[in-house]
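Written below as structure tokens is the structure these notes are about.
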Amino acid sequence: MPTIIVASANPAKITAVSNAFKDAFPQQQFTITGVSTVSGVRDQPLTSEETLLGANNRVAYCRERYPNADYIVGLEAGLDCNFTFAWMVIEHQGKKSTARSASLPLPPLALAKIAQGMELGDVMDEMFAQQNIKQKGGAIAMLTQHLLSRSSVYQQALILALIPFLNPELY
């Protein structure tokens, strides 16, 4: 059975990866393992470039430790101006593919608290009287009144990142 290492122990990210691979490869079964990793960037990346670097660093960290894994998936959430989003990086057989999630506009109060050094998850916990929202629906769920979740938005971006592996003859 092919193995997938998710470079995160966050349940929302592991769920997104599991659902994306099930959708993309419905006839295939996978063994999926979430692994706590280091991103090598700030806890709250503040640019698209820093966020992508974090996702790539997570993949590299896991590839060193799990050289026989069929897929390594790195997800890193960050900021780009007034928006939050995430980069998805999937590595398979020496090839990498990336995709970016939808961007979510953040309220001015959240941006002000992030500028003061707070992490988005902590800001959302405070704003919505929640605990550990980043491992649940995320800022996305809170700000869309649960119309979307962190996992659902990440799942779409992961499917986009899987395109080269679904169509290898084109890539």
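Tabulated values for the structure
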| read-out | value |
| --- | --- |
| Length gained when the stretch Q93-L109 is fully extended (0.36 nm per residue, less Cα-Cα span) | 1.4 nm |
| Heavy-atom surface of segment 126-169, accessible at 1.4 Å and reported per residue (Å²) | 56 |
| Most mobile listed residue (E126, E64, E76) in the chain, GNM with C-alpha springs under 10 Å | E64 |
| Per residue accessible area of segment 1-74, 1.4 Å probe, in Å² | 49 |
| Solvent accessible area, Å² - K13, 1.4 Å probe, full protein context | 20 |
| Largest to smallest accessible area among C62, C81 [probe 1.4 Å] | C81, C62 |
| With every protein chain in place, the chain: carbon and sulfur % of accessible area (1.4 Å) | 53 |
| Choice from A129, A69, A157 with maximal GNM fluctuation in the chain (Cα, 10 Å cutoff) | A129 |
| Spherically averaged projected area of segment 97-171 from its Cα convex hull (nm²) | 5.8 |
| Percent of Cα pairs exceeding the 16 Å cut-off, where the set is segment 1-66 | 52 |
| Long-range tail of P(r) for segment 44-101 (Cα pairs > 18 Å, %) | 30 |
| Nearest-10 value in Å² for the accessible area of T31, using the 1.4 Å probe | 60 |
| Approximate spin-label separation E64-F30, in nm, with each point projected 7 Å along Cα-to-Cβ | 2.4 |
| With all protein chains modelled, accessible area of R100 [1.4 Å, Å²] | 80 |
| Ranked order, I90, I159 - accessible area, probe 1.4 Å, largest first | I159, I90 |
| Which of Y66, Y154, Y61 is most accessible, then next, and so on - probe 1.4 Å | Y66, Y61, Y154 |
| Overall Cα dimensions of the chain - principal axes, largest extent first, Å | 46, 31, 28 |
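The values are calculated or read from the model by the stated rules, or taken from the named source; none is laboratory data. What you are looking at is a predicted structure, and each value in this text was computed from that prediction instead of being measured. Reconstructed Cβ throughout: ideal geometry from the backbone, glycine too, with neighbour counts over all protein chains shown. These area figures cover heavy atoms from the full protein model, side chains too; ligands, DNA and RNA do not enter into them. Shrake-Rupley method; radii C 1.70, N 1.55, O 1.52, S 1.80 Å.
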